[in-house]
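The values are calculated or read from the model by the stated rules, or taken from the named source; none is laboratory data. Everything quoted here is computed from the prediction, not taken from an experiment. When we count neighbours, we look across all protein chains shown, and the Cβ atoms used for this are built from the backbone with ideal geometry, even at glycine. When the accessible area is computed, the model is the full protein with side chains, heavy atoms only, and any ligands, DNA or RNA have been set aside. Shrake-Rupley method; radii C 1.70, N 1.55, O 1.52, S 1.80 Å.
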Amino acid sequence: MRHNPDAVMIFAAGFGTRMGALTATTPKPLIRVAGRALIDHALDLTAHLDTVVANTHYLPDQLDAHLSPKGVHLSFEPDILETGGGLRAALPLLGNDPVFTLNSDAVWTGMNPLKRLATAWTPDDMDALLMLIPRDNALGHTGAGDFVPDANGRLERGAGLVYSGAQIIKTDLLHSIDEKAFSLNLLWTLMAQNNRLFGITHDGMWCDVGRPDGIHTAEQMLADV
């Protein structure tokens, strides 16, 4: 097993229904933020990695045309598989070692979160390492938070830090889930029960661009850097 992953899964298959009319004819990852496709902001974070995979479902031809020339491998899903099922379906492209995952609908400032995760990753102790955001730095997020870390970074569920969509995760447990479509939340629950779910805190800002007003918020965040 490699110490640091060199493959990343970018989740890009969703319908983007919260974007309303903006995604009627355009997949959400191609919505423009600060003059660039949203997913290109995610790709900036993956430039140092050997293998970049994105899953597709809604309007896949547009994503294919945009991503394939950039060297991104595509995992087309005839049916929506959610994060866990989508990651499992992409394993032939990703390999069996731990991988990064990254959402395609967020914009970041600060140190590259994937590089920070790699620095903190200790696979002898961890099955997953999640990048978390302090609530005040999680722009566009309306929830109360997702996880509470202890002094050693082990995570429990609870109102506290916000999960950013970026993590390193081992993929072995994917094969223990019977459902075809399932969330990675199922794996996190199993890992937490074994005290092997960890998190670290991002040092910059993060914006969820899941709704139309998130576009302006993200652009203002980037302009303030």
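Measuring between their Cα centroids, the range 7-44 and the range 155-225 lie 17 Å from each other.
The sum of -39500 (n - 2.57) across all DSSP H runs of n ≥ 4, divided by the residue count of the chain, sets its helix-only mean residue ellipticity at 222 nm to -6500 deg cm²/dmol. Between the listed residues L174, I10, N137, the Cα displaced farthest toward the positive end of the dipole of the chain, a dipole computed from Cβ unit charges relative to the Cα centre, is found at N137. For the pair D6 and N194, label points projected 7 Å from Cα toward Cβ lie 2.6 nm apart.
In the range 126-167, which residues have a backbone nitrogen under 15 Å from the label point lying 7 Å from Q220's Cα in the Cα-to-Cβ direction? From the range 126-167, the list is 137-141.
Give me the net charge for the shell around H48: Cβ to Cβ below 12 angstrom, other residues only, Lys and Arg +1, Asp and Glu -1. Could the numbers behind the result be given before it?
On the way: positive: K115; negative: D6, D44, D50.
Around H48, the charge tally is -2.
Distances between placed amide hydrogens fall under 5 Å for L132 paired with I200, T201, H202, all partners being 5 or more residues away or on another chain.
Can you tell me what share of the DSSP beta bridges in the range 57-214 is antiparallel? A percent to the nearest 5 is fine.
Values: 16 of 23 bridges.
Antiparallel bridges: around 70 percent, rounded to the nearest 5.
One decimal place: the segment H73-D178 gains 35.2 nm when fully extended, by the rule 0.36 nm per residue minus the C-alpha distance. Structure remark: mean-square fluctuation, Gaussian network model of the chain, C-alpha springs under 10 Å; the largest value among V99, V148, V162 belongs to V148. Under the simplified labelling scheme, the N96-Q62 pair shows an inter-label distance of 3.8 nm, with each label point 7 Å from Cα along Cα→Cβ.
Per 0.36 nm of contour for each residue apart, how much would the distance between N185 and D50 grow if the chain were fully extended, relative to their Cα-Cα spacing? If you can, show how the numbers build up before the last one.
Values: separation 135, 0.36 × 135 = 48.60 nm, distance 2.66 nm.
Here the segment from N185 to D50 would lengthen by 45.9 nm.
Say R0 is 41 Å: what FRET efficiency, to the nearest 0.05, do R36 and R135 get from their beta-carbon distance?
Calculated transfer efficiency: 0.90.
Which of these, A120, A138, A89, has the largest mean-square fluctuation under a Gaussian network model of the chain (Cα springs below 10 Å)? Answer for the Gaussian network model of the chain: A120. Database remark: amide H of S75 closer than 5 angstrom to the amide H of A54, N55, T56 (H placed geometrically; neighbours at sequence offset of 5 or more, or on other chains; Pro and chain starts carry no H).
Relative contact order for the chain: 26 percent, from Cα pairs under 8 Å spaced at least 6 residues apart, divided by residue count.
Solvent exposure of the chain, expressed per residue, is 44 Å² of accessible area, with all protein chains present and a 1.4 angstrom probe. Most fluctuating residue of R135, R36, R196 in a GNM of the chain with Cα springs under 10 Å: which is it? Result for the chain, Cα springs under 10 Å: R36 fluctuates most.
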